[in-house]
């Protein structure tokens, strides 16, 4: 093939539909039948073994901390080095994988590639803490209208990035089965609650981001420095049992209705790879209050958003048996988030809360202004009142056993290669 700037000698990385071109190079943790867990880089249809790259002397002479990072079984050490550790690594990886690489270098690197079909992916980090936000105005308004038609938004929503502390121990990787939860719930017309299997099981389409450098307990993170503490993004499905949630969420918010499982995608797309797709923050109405000073800055307003397309696909068990392709339920965009990633992070640390490398923060359900762009079935079906039609004649108000939900995300812009996130999958299995 012709040698052109921005292409790779890995042919599949030059496919216009690939998630992982030379300009992406997301990081993750993989293993093979012969290799224990180690750091890998996605390139086209392959995974490059970063551990072996180091052992073969392809990464130069890194510092002691980077040596540990390249040979670790999680990304936490590399994350702790911050974006200053990622920049030179990405530059060297581009040299190694570029179509302009010398043939001798290419031959060395090619030996360290593994087909994506032959690797097992693992959680990218040891996630110490997980916080989920509620950053979509459209989602908050849509849900609020279902329960409070005359006053959908609570008074604090436009002043403060709302969040809740999730359960890190139940975060699972894409592909894991999701057991339908059991819990306490109360029907509106019932006198007493019951303990039963959830019937109103839902997905939530979210963008997640990992913390790189943390902050010491008792210190804050100013808004204009917040993104220096973000290592990269992944896809998040914060599964939700709506019947349990409706009964338990007052007065302290989500609990057992959400902490039974959260699925994330395996690859972490770095902030550097997303730079060409930065956009202004959500444009607030002239009637909305301005953010308080600690949540407001010119740079955040001008480029705090990310033009990240997010899609939800569903494949039912009956569809798979009939060999029908998954159907797309919605298509939204992270640029519609009312609060930016930096604002969420800054608010999280504003009281002196110490964030640590590998902590996961998530946006909450990403929804847009139309029914086709909402990020959960609660909104899409109006709490089950307006079921959706699936290929083959099925209807869905909420998820049924055997349903597989597939989240996909990508950034696309004229003149730039498509930067994808891979997939975030989960299949519902019956309660035991």
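The values are calculated or read from the model by the stated rules, or taken from the named source; none is laboratory data. Every value quoted in this text rests on a predicted model; they were computed, and no experiment measured them. Backbone-built Cβ (ideal geometry, glycine too); neighbour counts: all protein chains shown.
Descriptive notes on the structure:
- Filtered by the rule that a residue be more than 19 Å from the chain's Cα centre (by Cα) and either at pLDDT 95 or above or within 14 Å of residue 288 (Cβ to Cβ) (or both), segment 146-169 gives 153, 155, 156, 157, 158, 159, 160.
- Among the residues of segment 181-211, the ones that are touching a strand residue (DSSP E or B) at 6+ places or on another chain (Cβ under 9 Å), surrounded by fewer than 15 Cβ atoms within 10 Å (Cβ to Cβ) and part of a loop (DSSP other than H, G, I, E, B) come to 2 in all.
- Selection over segment 219-273 of residues that are within 28 Å of residue 89 (Cα to Cα) and without any contact (Cβ under 8 Å) to a residue 40 or more places away in the chain gives a count of 1.
- In the condition set (1) at pLDDT 95 or above; (2) buried (at least 17 other Cβ atoms within 10 Å of the Cβ); (3) more than 21 Å from the chain's Cα centre (by Cα), residue 76 is compliant with all but (3).
- Only residues that are at pLDDT 95 or above and closer than 23 Å to residue 102 by Cβ were counted in segment 1-23, giving 12.
- Per-region count, segment 33-48, residues in contact with a strand residue (DSSP E or B) (Cβ under 6 Å, 6 or more places away or on another chain) and within 18 Å of residue 72 (Cβ to Cβ): 5
- Residues of segment 212-228 classified as out of contact with any helix residue (DSSP H, G or I) (no Cβ under 6 Å at 6 or more places or on another chain) and buried (at least 23 other Cβ atoms within 10 Å of the Cβ), total: 0
- Just one of the listed residues (109, 143) is touching a residue at least 60 places away in the same chain (Cβ under 8 Å), within 30 Å of residue 289 (Cβ to Cβ) and either buried (at least 17 other Cβ atoms within 10 Å of the Cβ) or over 19 Å from the mean Cα position of the chain (by Cα) (or both), namely 143.
- Test for residue 257: is it touching a strand residue (DSSP E or B) at 6+ places or on another chain (Cβ under 9 Å) and under 21 Å from residue 349 (Cβ atoms): no
- The number of residues in segment 117-145 that are modelled with pLDDT under 95 and touching a strand residue (DSSP E or B) at 6+ places or on another chain (Cβ under 9 Å) comes to 0.
- Within segment 307-329, considering residues that are crowded, with 24+ Cβ neighbours inside 10 Å and either modelled with pLDDT under 95 or touching a helix residue (DSSP H, G or I) at 6+ places or on another chain (Cβ under 7 Å) (or both), the one farthest from residue 424 (Cα to Cα): 308
Here is a yes/no grid of residues against (1) farther than 26 Å from residue 296 by Cβ; (2) part of a loop (DSSP other than H, G, I, E, B); (3) not assigned by TED's automatic domain parsing to the domain that holds residue 29:
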position	(1), (2), (3)
225	no, no, yes
231	no, no, yes
235	yes, no, yes
246	yes, no, yes
252	yes, yes, yes
266	yes, yes, yes
275	no, no, yes
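- Pick from segment 401-421, criterion in contact (Cβ under 8 Å) with a residue 24 or more places away in the chain and outside any strand (DSSP E or B), ranking: surrounded by the most Cβ atoms within 10 Å (Cβ to Cβ): 403
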